[in-house]
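Below you'll find the structure, written out as structure tokens, and then a few comments.
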Amino acid sequence: MWPGPVGGAEAGAWLRAAARAEVAQGIDAVYQMVADQVEARGPACWASGRCCDFGRSGHALYVTGLEAALAALRWVPGRGAGGVAGGSAAGPGPMVALGSAVELAAQRGRCAFQEGNLCGARAVRPLGCRVYFCDRGAQGWQRDLSERAMAMIRGVHDRHGVAYRYGEWNALLGAVVAQRGAELVIRRGAGG
């Protein structure tokens, strides 16, 4: 199991909630609002990979448990480390591999989905990755947009009775991936 403060019951609750269409649609609506705002402002992304190399850049990525669960559910194995939205890992093997990648990335101070200088999970990335740009001209408005979007994500948690936890990306992703892998093993063992 992934070491850290998140238990299997909490991670399991996030996974079950993220699998509900109305919850996922609520998060997706926030992500779309952010995409529209970012497109309207046109910040520069230099594809330097610095934003994903937390240790080198000196910053951390924080997400909600629901965002981590949604990323884990939508990640598709076989498309690099990150995959794309719209699918799910069919068995426990890919989740075990992703869990190992997350643990190694955390030890190295990076994101498990970073492939060279690019995001290997662009379609499933959390809010912080959608709002943050190295472009210094974006720093004023991205802070305001981030706060507004995070309040909206908090609202999704509240409206659907989902426990809210805001924590470091690798820790929360690792917890939900470990729980997802365990659930898949149990389901397979039960013949489902």
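A few remarks follow.
- Sparsely packed trypsin sites (Lys or Arg not before Pro) within the range 118-158, loop by DSSP, other Cβ within 10 Å at most 10: none
- Between GLN114 and GLY120, the built amide H atoms are under 5 Å apart, and every one of these is 5 or more places off in sequence or on another chain.
Bear in mind these aren't lab numbers, they're just calculated from the coordinates by the rules spelled out. Please read all numbers here as calculations on a predicted model, not as lab measurements. As a convention, Cβ positions derive from the backbone with ideal geometry for all residues, glycine included, and neighbour counts pool all protein chains shown.
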